[in-house]
Amino acid sequence: MMYSKILGTGSFLPEKILTNFDLEKMVDTTNEWIIERTGIKQRHIAGTHENAATMADTAGRNALAAAGLEPADIGMIIVTSTTPQLVFPSTACLLQARYGISGCPAFDLNASACAGFMYGLSIADQYIRNGTIKNALVIGSEVMSRIVDWNDRSTCVLFGDGAGAVLLGASEEPGILSTHLHADGNYKDVLYLPLATSQSPTFETVKMMGNQLFKLAVNILGDLFDETLAANQLEKSAIDWLIPHQANIRIIEAMAKKLNLPLDRVALTLANQGNTSSASIPLALDLAVRAGQIKRGQLLLMEGFGGGLAWGSALVRY
């Protein structure tokens, strides 16, 4: 039986940092209020010379280097992003050109905003499992600062920019044990990004019903954890690490409590990076791996939820 296994991880964060104290000068908010409600202290903001493609480039190269592979070894590129450099060609194709390769499938995935990485990981896993490809590069790359309303204190404090990458490779040893994807378009108005007009392809800014999204996320993710564990006939005690979408510290704490995991076994980047949408899970994974916290053989539970509503999980033997 063939599995897909994580061979390497990588990330990129813009140099510019926007703190809560900076935001106090921009909107009617306070550092204390933001930390209490979200757990966020600062976030990275892309410069004018940076975009989804440039950030994905560096994150992907870091993942390749960690795996000891070259761009020529890539069999598929998937970029998950709600903030691509261009509508088309895809950011993945732009990345392919940057790497000096051609021929392999490359595409963007905007299936579910913040849950996009879980969808991309699942797709790459299926291609590797069925023997179609040997290696796949999956990258979440987001420039959320360009689609938030910086006059809206309820949303602008939440988001940041960055890119996280995972290189998957075929392995006879268990890696990704299962993935679980769901969506419910009946909740489309809870979190969405509209076009400016029906005639224009430009975007407005993110719209969010924060309280409703919080309640939905807690219930949805709780059921998702049960589904993932049941599918693998495992108890909560088998999980070594939770790698969650970094949306809100209260949601993360609720999920850790459900799994009976202390927070020191949860990969956390929220305080210093904010919500980087589909980049948040691979960014958190890469940070924990490079810090030596996550070790080979440990069992990881990843989860993400976002616009759609859409949500997904992956159980991974690292």
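The values are calculated or read from the model by the stated rules, or taken from the named source; none is laboratory data. These numbers were taken from a predicted model, which means no experiment stands behind them. Every residue, glycine as well, gets a Cβ built from its backbone with ideal geometry; the counts of neighbours run over all protein chains shown.
Okay, residues lined up against (1) touching a strand residue (DSSP E or B) at 6+ places or on another chain (Cβ under 6 Å); (2) free of Cβ contacts under 8 Å to residues at least 40 places away in the same chain:
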residue: 216; (1), (2): no, no
residue: 223; (1), (2): no, yes
residue: 233; (1), (2): no, yes
residue: 265; (1), (2): yes, yes
residue: 274; (1), (2): yes, no
residue: 283; (1), (2): yes, no
residue: 286; (1), (2): yes, no
residue: 290; (1), (2): no, no
Exercise. Looking at segment 125-179, which of the residues that are under 25 Å from residue 41 (Cβ atoms) and of a type in the set (Phe, Trp, Tyr) is surrounded by the fewest Cβ atoms within 10 Å (Cβ to Cβ)?
Worked result: 150
Seminar exercise, completed: Counting only residues that are at pLDDT 95 or above and of a type in the set (A, V, I, L, M, F, W, C), segment 71-119 contains a total of 17
Exercise. Any idea which of (1) outside any helix (DSSP H, G or I); (2) in contact (Cβ under 8 Å) with a residue 24 or more places away in the chain; (3) farther than 23 Å from residue 19 by Cα is the one residue 295 doesn't satisfy?
Worked result: (2)
For this session: Among what's in segment 208-231 and is touching a helix residue (DSSP H, G or I) at 6+ places or on another chain (Cβ under 8 Å) and not aliphatic (A, V, I, L, M), pick the residue that is modelled with the highest pLDDT.
Result: 225
Exercise. Do the conditions hold for residue 181, that is, is it closer than 25 Å to residue 66 by Cα and either in contact (Cβ under 8 Å) with a residue 40 or more places away in the chain or aliphatic (A, V, I, L, M) (or both)?
Worked result: no
Seminar exercise, completed: Given (1) buried (at least 22 other Cβ atoms within 10 Å of the Cβ); (2) under 23 Å from residue 155 (Cβ atoms), residue 79 misses just (2)
Seminar exercise, completed: Given (1) at pLDDT 95 or above; (2) in the same structural domain as residue 277 (by TED's automatic domain parsing); (3) of a type in the set (A, V, I, L, M, F, W, C); (4) closer than 19 Å to residue 278 by Cα, residue 239 misses just (4)
Problem set entry | Among (1) surrounded by 14 or more Cβ atoms within 10 Å (Cβ to Cβ); (2) of a type in the set (S, T, N, Q); (3) outside any helix (DSSP H, G or I) - the single one residue 228 does not satisfy | (3)
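Go through segment 93-115 residue by residue and tally those that are touching a residue at least 24 places away in the same chain (Cβ under 8 Å) and either more than 23 Å from residue 71 (Cα to Cα) or of a type in the set (A, V, I, L, M) (or both).
11
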